[in-house]
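One structure is given below, encoded as structure tokens.
Readers should treat all values here as calculations from the given coordinates under stated rules, not as data from a laboratory. Quick caveat: nothing in here was measured; it's all calculated off a predicted structure. Here the Cβ positions follow ideal geometry from the backbone for every residue, glycine too, while neighbour counts run over all protein chains shown.
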Amino acid sequence: MATKAQIIELVRREILSNGTLINDDLGKVSPRQVALALEQVYADAVFLMLKNSPNDLDFLTKNYNEVDINYDRTENSYYITLPATIVQLPNNGGVRLVKPHGTNFKFYPTSNEDVDLFEGMDVKTHYDRTLYLLDGQGKIKLINFDYASHNIRKVNLKLVVDFGEYAMTDEISIPSGKITEFTSILSKKLFQKSKVLDTSSDGV
């Protein structure tokens, strides 16, 4: 586990050790410049590091507690507005947990195909699980959610969020033993895109 500021500094040092910058140049590349560059490659780095170990995504999350459940009168459905921009991963992997606040229950991920099947069931109102689905517009749509009987008004979320969603002092829960691997991937992505030295439009 490391803070955002520590990861930025590790990437700066990695850039220096790989010869992308000469020693005198390190001071010319500010943490803010590196942070702006990392925002462009962070999602790719997450995907590359975790593609062979998807369960590690459960570590690389940020928690958001007591997020409101809302109601859409037009669609007659309940939804949760995402409190942060998430990393776009296959199978909606950027959302790792949707848990009713103050309970031991959880909601379960689903897909559009499964929703179509579920909606066609004669006994759907008796299905005992609340499902959720990302709608592509920054919302989590709840399926088979009974607002009245469940008495649930807020949820806790675990999300894999974009790099820019972290404050400098926030800890990023990189799985144990993988900080070096992760910073190396980030650095290599920056080498390929020449992001670090191209700061003419950063305003810094």
#### Entry: Greater than 19 Å apart at Cα, pairs in 99/178; 62/154; 62/106; 106/139; 4/139; 4/106
99/178; 4/139; 4/106
## Note on the structure
Amide H neighbours of residue 3 at under 5 Å, excluding residues fewer than 5 places away on the same chain, with H built from the backbone geometry, are 172
### Message
Tell me the net charge near residue 156. Cut-off is 10 Å between Cβ atoms, residue 156 excluded, with +1 for each Lys or Arg and -1 for each Asp or Glu.
### Response
+3
### Query
HN-Hα J couplings of the range 170-180 from phi, Karplus 6.51/-1.76/1.60, θ = phi - 60°, integer Hz, Gly and Pro as x?
5, 8, 9, 7, 5, x, 3, x, 10, 5, 4
### Query
Each residue of the range 77-91 in order: what ³J(HN,Hα) in whole Hz does its phi give by Karplus 6.51 cos²θ - 1.76 cosθ + 1.60, θ = phi - 60°, with x for Gly and Pro?
9, 9, 8, 10, 7, 4, x, 8, 7, 9, 6, 7, 10, x, 6
#### Entry: Amide proton proximity set for residue 139, modelled H, under 5 Å, gap of 5+
82
## Note on the structure
Scalar couplings 3J(HN,Hα) for the range 97-103 by Karplus 6.51 cos²θ - 1.76 cosθ + 1.60 (θ = phi - 60°), nearest whole Hz, x for Gly and Pro, are 7, 10, 10, x, 5, x, 10
## Note on the structure
Given backbone amide H placed at 1.01 Å from N, residues whose amide H is under 5 Å from that of residue 130, ignoring those fewer than 5 places away on the same chain, are 108
### Task
Can you tell me the order of 9-15, 101-107 when each peptide is scored by its average per-residue count of other Cβ atoms within 10 angstrom, highest first?
9-15, 101-107
### Message
Sort 33-41, 50-58 by packing, meaning the average of other beta carbons within 10 Å per residue, with the highest value first.
### Response
33-41, 50-58
